[in-house]
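The next block holds one structure in the form of structure tokens; read it before the comments.
Every number in this text was worked out from the coordinates using simple rules, so none of it is lab data. Here the structure is a predicted model, which means the values were calculated and not measured. Here the Cβ is made from the backbone with ideal geometry for all residues, glycine too, and neighbour counts use every protein chain on show.
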Amino acid sequence: MIIRTKEIDLPAFALSSEFNSLKYHIKTLSYLTRAFEARNLSHALLFTGLQGVGKQAAAKLLSMACNCFKRAVPGGSEPETDEQSGDDESNIWPCGRCRSCQKILNNSHPDILLIRPTGSLIKIDQVRSLIQKLSLKPYEAANRFIIISDADSMNPEAGNALLKVLEEPPDRTTIMLTARQVSNLLPTIVSRCMHIRLNPIPEDFIARVLKDNHEAAPDEASTLARMASGSISKAVFMKTNHWLDRRNHLIQELVTLRSRSIGFIMAFAERLSQDKEILTECLEIFRIWLRDLIIYRYAPDRIVYADLEDTIRNEYRKSDSETLLSLVDLIHTVQKKIESNGNVRLSTEILMMKMAGQYR
Ligand SMILES: [Zn+2]
């Protein structure tokens, strides 16, 4: 199911980093909350979408909305307030202040359970322990919610155990799974869930969140938004980890590489290859830089590093597309070495020597 989304103002709590992608998914969440109120919501939901698109936050918010004391919740223990009338989508949001909302926000609600991978897997023991908890009635919530984050990391044993719960769901309990793609899950699990696909978040929306909530300058915000591939959490991570400073430093090193000694270039390559995670990130920065140099002569408005246009204009003529493409191939070679645990240092040295040679 794909539901188109539009934006709307949210309550104060929703402006925190944890929830800042949800403004984009309001239509979807509104639909789900209304279905819950009409007692029409499936007992098993599956949220899919890119990493960082807001799947877990959406599940958490839905569990808040369906248990908030200040909303008209079936089985809720406090009366509806005067803010809750009408069809305005802002009215579907939980208050964020009542006892139930506060506990869920603090991850301390006994009936809102989060299961996530320990290490790289969700193991059978975690599912067994969940089944045990589900055999009891909810402690205090009108509606119990189980969030199984990264459900695609369940091993088949755990998946089959969960399947039994999905087949015979306990009373007043909704199970919500999140996964990047349906294809990573057991088909028998998928077929028992209502599927909610969260679309990638558009660049201009991400840029605005970075400017409004994370003090990004306009240039910085639009570059990071372009790099984030539809994921707000990726964009925010890049912002808080000073990704732009690192990129600027690396590109500066790259364009001055031609004037460096062989010794310097080898030392630079050695530094890069010391940490595979950092190297992976640097290779991606280089790959986009080369892509921009190639594309600038044909479509200058399509470059990713638009904030570096002056530098790109100075550099793009210094090598032909064929040379640049061969460098992109070399980057792929190093990336493969990283994945296969091969000799990264040697291939990084070759890459940097060729990068330095492109201008000679
Ligand atoms: Zn509330």
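Scattering from segment 12-199 was approximated by placing one identical point on each alpha carbon and applying the Debye formula without solvent; log10 I(q)/I(0) at 0.08, 0.11 1/Å stands at -0.23, -0.45. Excluding same-chain neighbours fewer than eight residues apart, the lysines reachable from K60 by a Cα-Cα span under 23 Å are K6, K23, K27, K70, K103, K123, K133, K137, K234. Compared with the dominant principal axis of the Cα atoms in the chain, helix 243-256 is inclined by about 10°. Using the Cβ-Cβ distance between N241 and K336 with R0 set to 22 Å, the FRET efficiency from 1/(1 + (r/R0)^6) comes to roughly 0.30.
Principal semi-axes of the equivalent ellipsoid, √(5λ) from the alpha carbon gyration tensor of segment 162-257, are 40, 16, 11 Å from largest down. Using Cα-only point scatterers and the Debye equation, what is log10 of I(q)/I(0) for the chain at each q in 0.10, 0.13, 0.14, 0.15 Å⁻¹, rounded to two decimals? Taken in order of the listed q values, log10 I(q)/I(0) reads -0.74, -1.03, -1.12, -1.20. Of the beta bridges in the chain, as assigned by DSSP with both residues counted there, near 5 percent are antiparallel. Model label points for N160 and A217, set 7 angstrom from Cα along the Cα-to-Cβ axis, are 5.8 nm apart. Look at the dipole of the chain built from charges on Cβ: of A58, Q274, L46, the Cα furthest out on the positive end belongs to Q274.
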